[in-house]
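The values are calculated or read from the model by the stated rules, or taken from the named source; none is laboratory data. What you see is a predicted model, and the numbers here were worked out from it, not measured in a lab. FYI the Cβ positions are ideal-geometry reconstructions off the backbone, even for glycines, and counts take in every protein chain you see. Note: areas computed on protein heavy atoms with side chains; ligands, DNA, RNA excluded. Shrake-Rupley method; radii C 1.70, N 1.55, O 1.52, S 1.80 Å.
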Amino acid sequence: MPVPVSPENRISELRSIIEVHNRAYYEQDQPTVPDAEWDALMRELKELEAQHPDLVTPDSPTQRVGAAPSTLFAPVVHAVPMMSLDNAFDKDELAGWAERLGRRLGEGVDPGAWVCELKFDGLAISVRYENGVLVQAATRGDGRTGEDVTHNVRTIADIPNEIPHAPEVLEVRGEVYLRLSAFADLNQRQVEAGLKAYVNPRNAAAGSLRQKDSRVTATRNLSFWSYQLGQVVGGSAISGHYDTLQYLKSLGMPVNEHARQVTNGVDGVLAYVEEFERRRHDLDYEFDGIVVKLDDLGLQRQLGATAKAPRWAIAYKLPPEEQITTLRDIEISIGGGGSATPFAQLEPVFVGGVTVTTATLHNQDQVAAKDVRPGDKVIVRRAGEVIPEVVGPVLSERDPNSVPWVFPTNCPVCDTALVRPEGEARHRCPNIDCPRQVRGRIEHFAQRNAMDIEHLGESSIDLFVSHGLLGDVGDIYHLDYEAVHAFEGYGETSVTNLAAAIEASKSRPLGNLIFGLSIPHVGSTNGEVLAKAFGHMDALIAASLDDLQAVDGLGPIIAASVHGYFSQPRHLEIIDKLRRGGVNFEGPEVPDIPQTLAGMAVVVTGTLENYSRDSAADAIKSRGGKNPGSVSKKTTAVVVGASPGASKLTKAEEAGVPILDEAGFEHLLNTGELPA
Ligand code: IVH
C-alpha cells in the first residue's frame, strides 16, 4: 500500500518540481511540461497552502512571479512591480471571482465597466521612456527585478524608439510575441540551418528576445501589444483602464483591436469569452486566455493586490492545446502511392478538444530532428482543426537506457525493402503489388471525383483485396459477384446495389478515368486536360513524350509521368481489363472550329460589347491563336473596347501593331485576315 504523504512533504515536493519547471521555462525558454501540467501542479500547491496557511513561505512559487533573472543580462529593478494574474479555469470560477470582488468593494458599490482583453501568449516586458526617448526595456523576471533587454527591444518594429509629447517618465507594459506567420518562417529557417525548431510561438518569442546579440533578435520579426502603464511622471490623470488603452494608442503604441469595454456586467464578460473561444484560431497570433480587468482605476487601487497578483483582474484560461502523454511506439503507414510515413502511437490523451491516439511524424528527418523515442513522455499539441502533432520529448523524464529510433528497412505490409529516393524526404515501398498500395489505388479510383462508385467503400475494398477478388482497378469490372454474395453482410440487395454502381461508373467522363488511374502527379484537372487534348484513351496511350509536352497546361514532369505510366506492360494490362469491362474511353466532343488564327497573337484591352474577357480569350484560343497579356512587336493585332489600358494602346502605336474595334475583331476571327 502506498504510504500517505504528509502535506508538508507534498508541499515541499511540489515546490521543487515547480522550481525545476520554472527554471526551464523562464531561463532556458525550453519548457519541460505543457502549461496545463504546470497549472495543475500550482493549483495543488495553492490548495494545500490554503488548507495549511502555516506552511506558506515567502519563497514558495505561489508567492513569487516567474523566476529570478538570469545572469546573462544586467538586472533592472522595476519602478512599479510587474505582477502576475490569478487564473479562472471555468466560467463558474470567473463568475465567483466577480462576485467576491463585488463583495470586497462593499454593498451598494457598482463595479462599473469591465475591460476584456486577449491573454497573449508571449512574454511581458516593461519599456521605459524618459522625455519621449526609449531608455530601457526589461523582462518581468521575478516581478521585482527583470533583465535588461533594451538593445533587443530596440529592434522590434512595433515599439517606437521615440514618443513625441510623452510625459517625463512613461513605462509602457505589454507582451512581446511572434505572429504565427513569423513563427513558421523562423522555424523553417532554423531547420534549414540545421538548428532545432522552436516548440511554440511563445518559446520562440522568449528565445528571440533573450539573445545576447541583438542582430539575431532583429531577424526574428517580433511583435508587441501594449496593455498597461507602469511608472508615469508628469502625465495627465486617467481614470479608467480603457482610457489607458486609448492613451497608449494615441502615443503610437500598438494596442490590440479586440480589447473591449463591457458595460453589461458578468454576462457581457461571458459573451466576450465565448466569442473568443470560437475565434481562437482565426487570428495570426496565439492567445491562451481572456484577461478581465475592472475598468475604474480608483476601484482598482481600492482593491489592491495580493503578493502576486492584482485583485481587480483575472485570467480566464482557455483549454490547453498541449498535453503530455506517452509515446507507445513509432509505426509506419503505407499510403496508396507507396509513401512510407512514420506516425506516433500515443497513450490516449485529451487535447485541443479531442482524444488523440495517433499523430503523424512526417518523415525520417523529422523524427531525427525531434529525437522522439518509443517510451518517451512527449508533448502533444493540437490547435483548432489542425491535425495533432508531437512537439517533442520531455527530456527530463527519458529513460536513460533509451536509444534513438531507427527507420525500418522493410515495408510493414509486404516486407519489400523500402527506398528513399535521392533528394526526397520520404521513404517509399517500391512494390506496386503491395496490398496496401493496391487498396489505396482502388479507393482512389472509386472516390467521388474519379469513378464515383457508390457502394465500393474502404471496408469492401479491404475485404475483396484480402480475398484476392481485386488485384487492380481493372478487376472491378470483372468482379465475381457470387463470391461477394458468399461474404457475411453481402445480401442480395447490397450485391445488386454494388453491381449497379459499378455499371453506372462505366460511363464516367474520360477525365475522371484518367485521374482515377493514380498516375503520379495527375490530379483531376490534369485528367480533364489530357481527356480534352487526346479525345480517346487509345490516343493518350499512343502519345509520344513530345505530344504530351505540347499539351497546353501540362508541365514536363507530368508529361514524363504520363508517358512512363503507359510504357509499363502491367498498366496496359489494367487498361485492357477496363476496355473489356466496357468502361468509356471516349473523351469530350471537341467542336471542329476552323483554325483561322493559327500562329497569331491577339491582345484584347478594354470592355467589349459581345464578349467578356474570358469569352474573347476562348474565341481566340479555340481558333488556334494566342491571347497574351501584353503588347510586343510580335502581336498581330490589339482589339480595343471601352476604357482600354493606356499602356497597351501606346505600345501598340509605338510598335506599329494594327488596332481593331469589335467589328474588326469579328472579321479577324471569321476570316483570319485583318480588315482592310
Ligand atoms: S495584464 C497586473 N493583460 O499574462 C496585470 N497581462 O499571468 C498585469 N498577459 O505577465 C498583466 N496578455 O505576460 C495583462 N492582455 C493582457 C495580457 C497579459 C498576456 C500576460 C502577461 C502577464 C501574464 C500574467
**Fill in**
Checked against (1) more than 30 Å from ALA504 (Cβ to Cβ); (2) buried (at least 19 other Cβ atoms within 10 Å of the Cβ), CYS414 satisfies every condition except (2)
**Message:** Looking at the structure I just gave you, is ILE125 more than 28 Å from SER60 (Cβ to Cβ) and within 16 Å of the ligand (Cβ to nearest atom)?
**Reply:** no
**Prompt:** Which one of the conditions (1) within 14 Å of the ligand (Cβ to nearest atom); (2) in a loop (DSSP other than H, G, I, E, B); (3) acidic (Asp, Glu) does ASP158 fail to meet, given that it meets all the rest?
**Reply:** (1)
**Item:** Scope the stretch 611-626; condition assigned to a loop (DSSP other than H, G, I, E, B) and surrounded by 17 or more Cβ atoms within 10 Å (Cβ to Cβ); matching residues
**Value:** TYR611, ARG623, GLY625
**Considering residues of the stretch 297-316 that are touching an Asp or Glu at 6+ places or on another chain (Cβ under 9 Å) and among the charged types (D, E, K, R) only, the residue modelled with the highest pLDDT** = ARG311
**Asked** In the set HIS165, HIS151, which member is on the phi > 0 side of the Ramachandran plot and either under 37 Å from the mean Cα position of the chain (by Cα) or assigned to a loop (DSSP other than H, G, I, E, B) (or both)?
**Response** HIS165
**Message:** Checking the conditions here, which among TYR198, TYR129 is open to solvent by 30 Å² or more (accessible area, probe 1.4 Å) and not acidic (Asp, Glu)?
**Reply:** TYR198
**Request:** Tell me, please, whether a residue that is within 13 Å of the ligand (Cβ to nearest atom), in contact with an Asp or Glu (Cβ under 9 Å, 6 or more places away or on another chain) and open to solvent by 40 Å² or more (accessible area, probe 1.4 Å) can be found in the stretch 106-117.
**Result:** no
**Prompt:** Name the pairs whose Cβ atoms lie under 7 Å apart, with the first residue in the stretch 123-135 and on the phi > 0 side of the Ramachandran plot, the second open to solvent by 10 Å² or more (accessible area, probe 1.4 Å) and of a type in the set (D, E, K, R), and 6 or more positions between them or separate chains?
**Reply:** ASN131/GLU168; GLY132/GLU162
**Asked** Of the numbered conditions (1) touching a Lys or Arg at 6+ places or on another chain (Cβ under 6 Å); (2) within 12 Å of the ligand (Cβ to nearest atom), GLN136 satisfies every one except a single condition; which is it?
**Response** (2)
**Prompt:** open to solvent by 40 Å² or more (accessible area, probe 1.4 Å), part of a helix (DSSP H, G or I) and touching a residue at least 60 places away in the same chain (Cβ under 8 Å) - does that describe any residue in the stretch 536-557?
**Reply:** no
**Asked** Out of all the residues in the stretch 216-257, which are open to solvent by 60 Å² or more (accessible area, probe 1.4 Å) and touching a helix residue (DSSP H, G or I) at 6+ places or on another chain (Cβ under 7 Å)?
**Response** ASN221, SER239
